[in-house]
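Asks: Pasting in a structure now, in structure tokens, and then I'll have a few things to ask.
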Amino acid sequence: TLDPAEITAFVTGVTSGFGKALARRYVGAGAKVVGTGRRADRLDELKVELGENFHPVTLDVRDREAVLEAVAGLPSGFERIDVLVNNAGLALGLEPAHLVDFKDWDTMVDTNIKGLLHCTHALLPGMVERDRGHVVNLSSIAGSYPYPGGNVYGATKAFVTQFSLNLRADLLGKNVRVTSIEPGLAETEFSEVRFKGAADKAAKVYENVKPMVAEDIAESIFWVTTLPRHLNINRMEMMPVMQAFGPLAIHRG
Ligand code: NDP
Ligand code: 8X3
């Protein structure tokens, strides 16, 4: 397997959830991590915890100029990114499409799609040039299976999955890997964000089930990125044991 000490990762959204767990997993194993997010106070706390192998960058991935500046300004020791983990993302709302606020759709498209493209476009050429790299994209089961209220969120994740597979097609012949990670129910701040701070509604999502936790997803990303260099995991779909598929719905008039 690949020695984690050889990895310099750029992980978006390390201020919470999967990204935070992954930054801890990587640095704990000897890798270097550039970790981004909008909440500077949380990045500062993580810097204190993780030390010299962690480089925090306060960044909104929706801002292309800021992404380019962040990549251009990486300090020595962190400038050769081998692994990009496009993790920053969010769902907003669970209302049917005809009732949503358009701003929420805009924010999801700008973050989950355009933010991911900004980071990928900025970092992929360096990986190809060095003939070494791995792009890991956080998609979701919501990109494969529709559910009521999943409208634009699920559609952004379908984009992420298909973009990941298309990247593989373009990268054939290069030593750059691409993986789409597609988790189901995992307890993070995801539902608090989706329900705009309504903690009671968010808590209900995880009531009386044993959901996945951030460390489960972090471990999976750690695994796919430390596999021997000739192996590429294209897609990884994962759910807690307490989640499975439902039947199709039929409206009887
Ligand atoms: P959290 O809400 O716990 O973490 C989301 C992270 O994304 C935060 O660090 C947040 O940082 C960052 N982020 C959001 N918007 C931006 C932005 N505009 N610019 C920079 N960073 C941003 O959620 P999860 O850890 O659960 O989610 C991580 C990813 O996994 C997302 O893409 C999500 O869609 C996906 N996912 C989640 C599942 C779940 O059930 N939890 C299941 C399947 C996929 P900050 O707010 O500081 O900017
Ligand atoms: C998050 C999974 O099913 O809660 O991407 O939308 S779901």
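Asks: For the chain, what is the number of Lys pairs with C-alpha distance below 22 angstrom, counting only pairs 8 or more positions apart or on separate chains?
Replies: Within the chain, the lysine pair count is 16.
Asks: Taking θ = phi - 60°, what integer Hz values does the Karplus form 6.51 cos²θ - 1.76 cosθ + 1.60 yield along the range 126-131, in sequence order, with x for Gly and Pro?
Replies: Working through the residues one at a time gives x, 5, 5, 4, 7, 6 Hz.
Asks: Counting only DSSP beta bridges with both residues in the chain, what percent are antiparallel, rounded to the nearest 5? Write out the running numbers ahead of the final one.
Replies: On the way: 0 of 29 bridges.
So the antiparallel bridges in the chain amount to around 0 percent.
Asks: What is the packing order of peptides 240-252, 59-71, taking the mean over residues of other C-beta atoms within 10 Å and listing the highest first?
Replies: Order by mean packing, descending: 59-71, 240-252.
Asks: With axes computed from alpha carbons, what is the tilt in degrees of helix 17-28 against the longest principal axis of the chain, rounded to the nearest 10 within 0 to 90?
Replies: 30 degrees
Asks: When ranked by the protection proxy of mean other Cβ atoms within 10 Å per residue, highest first, what sequence do the peptides 130-141, 168-179, 105-116 form?
Replies: 130-141, 105-116, 168-179
Each value in this text was obtained by applying a stated rule to the coordinates, not by laboratory testing. What you see is a predicted model, and the numbers here were worked out from it, not measured in a lab. As a convention, Cβ positions derive from the backbone with ideal geometry for all residues, glycine included, and neighbour counts pool all protein chains shown.
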